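Laboratory data are not the source of any read-out in this text; all were calculated from the coordinates shown. The structure presented is a predicted model; accordingly, all values stated were derived computationally and were not measured. Note that we place each Cβ from the backbone using ideal geometry, even for glycine, and neighbour counts take in every protein chain shown.
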Amino acid sequence: MGERKTLGPRIATWIPYAWLIIFFLAPFLIVFKISLSEPTLAVPPYAPVFESLADIWVKIGALSFANYTWLAEDALYIKAYGSSLWIAFVSTILAFLIGYPIAYGMARAPRGLRPILLMMVILPFWTSFLIRVYAWIGILKPEGLLNQFLFFVGVIDQPLTIINTNIAVYIGIVYSYLPFMVLPLYASLERMDETLLEAAADLGSTPLKTFWQVTFPLSLPGVFAGALLVFIPAVGEFVIPDLLGGSETLMIGRTLWNEFFFNRDWPVASAVAIVLLALLVVPIVIFQNAQARMRETR
Amino acid sequence: MKAALGAVRRSFQPWADPAAKPFITFRGVTKRFGQFVAVDNQTLEIFEREFHALLGPSGCGKTTLLRMLAGFETPSEGDILLEDKPLAGVPPHRRPVNMMFQSYALFPHMSVEANVAFGLKQDKLPKSEIGDRVADVLKLVKMEAFARRKPDQLSGGQRQRVALARAIAKRPKVLLLDEPLGALDKKLREETQFELINLQETLGLTFVIVTHDQEEAMTMADRISVMDHGRIVQVASPAEIYERPKSRYVADFIGSVNIFEAEVDNVTPERIHLATTDGFDVACDADIAAAKGQTVWFAVRPEKVRISHAAPADAGINAVAGEVWDIAYFGDMTLFNVRLDSGRIVRASAMNAARIVEQPITWEDRVWLSWSADAGVVLLD
């Protein structure tokens with residue numbers, strides 16, 4: 001009888017595992033397998049790692065990590081990884097600097113106004129991401145809205161070249177991922193107990209000092225969550241650097257695309273993807289450890 | 001030591017001295033939230049080293065009064081003065097008052113030590129002095145062993161102590177306590193009440209406490225302000241409030257009381273004679289300005305009502321007969337609910353001084369209730 005009772009919940013807990021295995025672990029293993037093979041002119045365009053089950057044990061000792069060593073040898077990949085991480089890092093900082101005041105303002109707004117403000121942050125999601133990035137081309141191009149406005153105001157007499165530069169990529173990434181920064185920050189600021197601020201004031205702390213000593217430290221979980229939500233997708237971003245960036249813009253997402261669709265070198269492309277994944281797992285693990293530590297010391 | 005403190009306590013009555021200067025003055029203070037009047041044109045004087053309780057049900061304005069003193073709310077009208085200096089325009093972080101919050105409001109990301117040091121750090125005291133003073137107050141509240149803990153590693157009682165330590169660390173001129181014992185269980189609450197009294201004696205601070213618990217106010221305070229709907233209805237010592245309530249509201253709010261509606265029959269300089277609507281006559285020692293025929297109320301507390309099988313000597317006055325309706329036995333005392341012929345239930349309590357009583361009063365007994373002429377009070381309101 002006891003077993004019958006626990007069967008339902010057990011199935012329920014297995015559903016997310018099954019989902020992860022089918023849609024994450026299996027594709028990951030397939031990509032990993034491809035990354036270990038040799039490119040060929042065939043369909044699919046890579047040599048099988050092992051032909052039969054019996055073959056596995058023979059081949060496993062002689063697996064080729066040539067594609068990975070190749071990534072280390074060609075400076076292009078290292079530069080692309082480095083540049084992607086840097087662009088994502090700077091974008092995350094910018095999104096934080098812009099997002100924090102927005103989230104703070106929302107959390108301190110009159111209670112009735114908050115759902116409306118929240119809606120305004122979420123609203124852009126109702127339009128296709130691709131269309132919104134395209135729209136930035138119209139704004140940033142030499143004869144675009146921004147330059148026309150600056151001409152009209154009289155700030156410039158030569159059009160600014162923004163489109164097809166890294167600046168356009170930063171603008172695109174910060175614009176696109178800002179809500180992912182604002183929402184977790186808002187959540188952590190909004191649920192903060194306001195009597196803590198009164199207590200700080202009561203003990204002689206000025207409003208500015210209270211912010212740095214109480215409000216900001218207590219919003220740190222939101223800062224971490226927002227930073228991860230911006231940083232991780234920004235590292236692998238392809239659409240924004242492709243549409244807004246120029247030839248100087250080197251990002252791993254574009255390199256990956258070129259490897260797959262122009263060079264048709266699936267094994268190297270797979271290796272690029274696996275390394276990217278490994279690079280992104282590191283900050284997540286660090287973040288989770290930090291959170292666990294925070295919970296422990298509490 | 002205890003006895004000496006008690007002696008000081010007994011003679012501490014600055015409010016009775018017309019030359020004494022108040023420490024805190026609320027002068028015609030009104031606070032409105034939109035249409036709602038939380039505090040309605042109230043004046044109150046609190047003296048230095050006084051333990052003052054603001055007592056009333058929730059929504060009576062007591063917390064608003066406290067928050068205005070701390071600076072979290074601004075009076076809509078009137079002034080608040082501390083040592084004769086108006087507090088208007090002084091922000092909370094510059095007021096020499098500290099508050100212990102009902103929720104304790106401890107900073108969750110700081111250790112006990114850091115919480116207590118927070119106020120001292122704002123004053124830019126030297127590090128060594130901060131350390132000494134933190135150690136001192138933690139010792140005072142017996143929390144020195146928990147200095148490195150975070151607030152959520154503490155029990156409710158321990159958190160309450162830390163909140164208290166943090167509030168007294170700056171040696172404020174006035175300590176404000178907002179329902180400080182509300183979250184504690186009964187036993188811990190009683191212990192803490194006495195600790196608070198001793199602490200106040202030791203530090204020589206002025207305490208203003210907000211509470212809805214009349215027992216708490218009675219135990220701790222020098223004086224109590226009883227509040228109702230934004231008004232202070234009576235300010236007096238606990239004994240005065242209990243024995244000489246000014247209105248039915250105060251009499252009923254503090255302790256248990258029997259209240260009878262009555263008509264004034266006759267007034268002499270030292271006595272007032274009443275005829276209650278329940279059909280018995282009362283003679284009461286009271287110098288109250290009431291006219292013959294006026295409707296007043298007679299209030300008498302259960303412990304001042306005698307209960308007996310035999311009729312008292314003068315059954316025509318200050319006595320009424322009834323039937324025992326219910327008995328609650330508390331061990332040290334017994335509470336009787338007696339139903340009068342008019343249908344009203346009257347409470348009378350008796351101390352259980354003897355272990356064995358020959359003829360105990362029991363359910364459905366016909367009994368007499370009686371009281372002396374100085375047992376009750378006459379209320380005009």
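Across the options A:273, A:204, A:67, the greatest Cα extent toward the positive end of the charge dipole of chain A (unit charges at beta carbon of Lys, Arg, Asp, Glu) belongs to A:204. Each Lys and Arg contributes +1 and each Asp and Glu -1, all at the Cβ; summed about the Cα centre of chain B, the dipole is approximately 2080 debye.
Using a cutoff of 8 angstrom between alpha carbon atoms and counting only pairs six or more residues apart, the relative contact order for chain B works out to 14 percent.
Quick one: in chain A, what % of C-alpha pairs are over 36 Å apart? Write out the running numbers ahead of the final one.
Values: 16380 of 44253 pairs.
Value for chain A: 37 percent of Cα pairs lie more than 36 Å apart.
From least to most packed, judged by other beta carbons within 10 angstrom and beginning with the fewest, B:170, B:121 follow the order B:121, B:170.
The orientation-averaged projected area of the convex hull spanned by the Cα atoms of segment B:292-381 comes to 7.0 nm².
The Rg/Rh ratio for segment B:164-254 is 0.98, where Rg is the radius of gyration of the alpha carbons and Rh is the Kirkwood radius. Positive end of the dipole of chain B (Cβ unit charges, origin at the Cα centre): among B:284, B:310, B:61, the Cα lying farthest that way belongs to B:61. Long hydrophobic helices in chain A: the complete DSSP H runs spanning 18 Å or more by Cα along their own axis with mean Kyte-Doolittle hydropathy of at least 1.6 are A:216-235.
Counting only other chains, and only Cβ atoms inside 10 Å, what mean value do you get across the residues of A:203-215?
Working: counts 20, 15, 6, 4, 3, 0, 3, 2, 0, 0, 7, 5, 0.
The mean count of partner-chain Cβ atoms within 10 Å per residue comes to 5.
The C-alpha atoms of chain B define a longest principal axis, and helix B:112-122 lies at about 70 degrees to it.
Can you put B:129, B:243 in order of Cβ neighbours within 10 angstrom, beginning with the fewest?
Working: B:129 11, B:243 15.
Listing B:129, B:243 from fewest to most nearby Cβ atoms yields B:129, B:243.
With each label modelled as a point 7 angstrom along the Cα→C-beta vector, the residue B:186-residue B:356 pair spans 3.1 nm.
When A:11, B:24, B:288 are ordered from fewest to most other Cβ atoms inside 10 Å of their Cβ, what list results? Walk me through the intermediate numbers first.
Details: A:11 10, B:24 22, B:288 13.
Going from least to most buried by this count: A:11, B:288, B:24.
If the cut-off is 18 Å between C-alpha atoms, which lysines fall inside it for residue B:62, apart from same-chain ones fewer than 8 positions away? Correct list for residue B:62: B:31. Each peptide in A:127-135, B:112-120 gets a packing score, the mean of other Cβ atoms within 10 Å over its residues, and the list from highest to lowest is B:112-120, A:127-135. Any idea which of B:26, B:380, A:168 is furthest toward the positive side of the dipole for the protein assembly as shown, if Lys and Arg beta-carbons carry +1 and Asp and Glu beta-carbons -1? Going by the charge dipole, the pick is A:168. Projected onto their three principal axes, the Cα atoms of segment B:84-237 cover extents of 47, 41, 27 Å, largest first.
In percent, what relative contact order does segment A:142-273 have, based on Cα pairs under 8 Å that are 6 or more apart in sequence? Provide the component values of the computation, followed by the final result.
Working: 108 pairs, mean separation 37.8, N = 132.
Relative contact order comes out at 29 percent.
Considering only B:67, B:161, B:344, the mean-square fluctuation computed in a Gaussian network model of chain B, springs between alpha carbons under 10 angstrom, is largest for B:344.
Among B:232, B:259, B:345, the residue with the largest mean-square fluctuation in a Gaussian network model of chain B, with springs joining Cα atoms closer than 10 Å, is B:345.
Could you please state, rounded to a whole Å, how far the C-alpha centre of segment A:74-146 is from the C-alpha centre of segment B:57-108? The two parts, judged by their Cα centres, are 43 Å apart.
Against chain B, whose longest principal axis is taken from its Cα atoms, helix B:127-140 shows a tilt of about 20°. For segment A:100-199, the equivalent ellipsoid built from the Cα gyration tensor has semi-axes of 35, 16, 12 Å, listed from largest to smallest. Between the alpha-carbon centres of segment B:120-140 and segment A:249-273 there is a gap of 61 Å.
Any idea what diffusion coefficient chain B gets from Stokes-Einstein, in µm²/s, Kirkwood Rh on alpha carbon pairs, 25 °C, 0.890 mPa s? Let's see the in-between values first.
On the way: Rh = 23.6 Å.
For these conditions, the coefficient is 104 µm²/s.
Averaging 1/r across all pairs of distinct Cα atoms in the protein assembly as shown and inverting the result yields a Kirkwood radius of 32.7 Å.
Taking K and R as +1 and D and E as -1, what net charge do the other residues with C-beta under 11 Å from the C-beta of residue B:348 add up to? All intermediate terms of the calculation are to be shown ahead of the outcome.
Details: positive: B:301, B:304, B:306, B:347; negative: B:303.
Net local charge, residue B:348 excluded: +3.
Of the peptides B:289-299, A:236-246, the order by per-residue mean of other Cβ atoms within 10 Å, starting with the highest, comes out as A:236-246, B:289-299. With the simple spin-label model, which puts each label point 7 Å out from Cα in the Cβ direction, the residue A:79 to residue A:134 separation comes to 3.2 nm.
Think of each Lys and Arg Cβ as +1 and each Asp and Glu Cβ as -1; about the Cα centre, that makes the dipole of the protein assembly as shown roughly 1640 debye.
Relative contact order, whole percent, for chain A stands at 27, derived from Cα pairs under 8 Å and 6 or more residues apart. Counting only other chain Cβ atoms within 10 Å of each residue's Cβ, the peptide B:68-75 averages 1.
Within the protein assembly as shown, DSSP assigns beta bridges of which about 75% are antiparallel (rounded to the nearest 5). Note on segment A:66-297: with charges restricted to the Cβ of Lys and Arg (+1) and Asp and Glu (-1), its dipole about the Cα centre is near 380 debye. For the peptide A:117-124, the mean number of other protein chain Cβ atoms found within 10 angstrom of a residue's Cβ is 0. Cross-linked pairs B:139/B:187; B:85/B:170; B:21/B:85; B:142/B:186; B:187/B:304; B:21/B:173: Cα-Cα separations exceed 18 Å for B:139/B:187; B:85/B:170; B:142/B:186; B:187/B:304.
The GNM of chain A, with springs linking C-alpha atoms under 10 angstrom apart, assigns the highest mean-square fluctuation among A:26, A:278, A:12 to A:12.
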